[in-house]
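Taking it in order: structure first as structure tokens, then the write-up.
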């Protein structure tokens with residue numbers, strides 16, 4: 001029996017400034033799937049996922065989430081988003097717990113934390129191995145630890161769909177292994193996952209499908225290409241530009 005689509009993009013086009021970035025993308029991610037979005041720098045990977053969560057407007061085509069047109073979709077607590085690695089607190093002094101707790105706000109009533117919310121935050125910290133740093137300032141963390149905090153923030157709301165933009169970029173091997181195990185746990189719990197990756201690395205055993213973008217078009221959609229199993233795609237120079245300062249999801253409940 002075919003499972004229902006969680007993400008559906010049909011003929012999606014998008015521009016950044018006047019430059020076409022997505023040139024008619026068709027992509028379906030079904031419930032329980034783990035899909036890797038691969039491609040060289042500038043191929044449109046990050047723009048594609050940012051269009052899904054509403055950060056990048058589309059000029060043509062349609063996007064649906066859980067069967068609902070994106071423009072009418074309101075239940076953003078079902079979606080966890082992990083942006084490309086950046087300062088977890090956005091330059092604002094904050095503890096690890098405070099940052100992770102911000103990811104739970106979409107599940108609270110009027111922003112009031114109850115016992116279940118605090119337990120969800122503790123569970124998310126435990127999943128990424130950061131419980132012992134819960135009271136520390138995020139400014140004291142390493143790059144890999146920052147990434148763990150960003151992932152814990154997304155997990156705090158117990159999302160059904162997890163979207164991650166290059167979660168392994170610039171992260172030490174120990175943190176990569178922790179993140180792979182965290183993702184393995186989420187998948188075992190039934191989560192649907194869309195990942196932007198430049199190489200599969202420790203995540204390769206979890207990937208059901210790979211979608212390769214080239215110049216804003218889908219060049220491959222199927223089993224992960226063997227040529228990119230452990231190495232960057234040709235043309236990917238390992239430079240990972242971040243979104244413009246201040247850019248964040250346009251939807252309430254998605255905190256970047």
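Assorted remarks:
- Any strands (runs of 3 or more DSSP E) falling wholly within region 161-228 and containing at least 1 residues that are at positive phi, touching a helix residue (DSSP H, G or I) at 6+ places or on another chain (Cβ under 7 Å) and surrounded by 22 or more Cβ atoms within 10 Å (Cβ to Cβ): none
- Options 179, 194: the member that is within 13 Å of the chain's Cα centre (by Cα), within 23 Å of residue 34 (Cβ to Cβ) and at pLDDT below 90: 179
- Within region 96-135, tally of residues that are in a loop (DSSP other than H, G, I, E, B) and loosely packed, with under 15 Cβ neighbours inside 10 Å: 4
- A single member of 171, 149, 128 is over 14 Å from the mean Cα position of the chain (by Cα) and more than 24 Å from residue 212 (Cα to Cα), and it is 128.
- Cross-chain or 6+ apart pairs with Cβ under 6 Å, region 170-186 first and over 15 Å from residue 207 (Cα atoms), then modelled with pLDDT of 90 or more and surrounded by fewer than 22 Cβ atoms within 10 Å (Cβ to Cβ): 178/129
- Test: residue in region 81-90 that is within 14 Å of the chain's Cα centre (by Cα) and either part of a strand (DSSP E or B) or at pLDDT 95 or above (or both): yes
- Counting only residues that are under 23 Å from residue 181 (Cα atoms), more than 19 Å from the chain's Cα centre (by Cα) and in contact (Cβ under 8 Å) with a residue 12 or more places away in the chain, region 131-146 holds 5 of them.
The values are calculated or read from the model by the stated rules, or taken from the named source; none is laboratory data. For clarity, every value in this text was computed on a predicted model and none was experimentally measured. Glycine also receives a Cβ, built like all others from the backbone with ideal geometry; neighbour counts cover every protein chain displayed.
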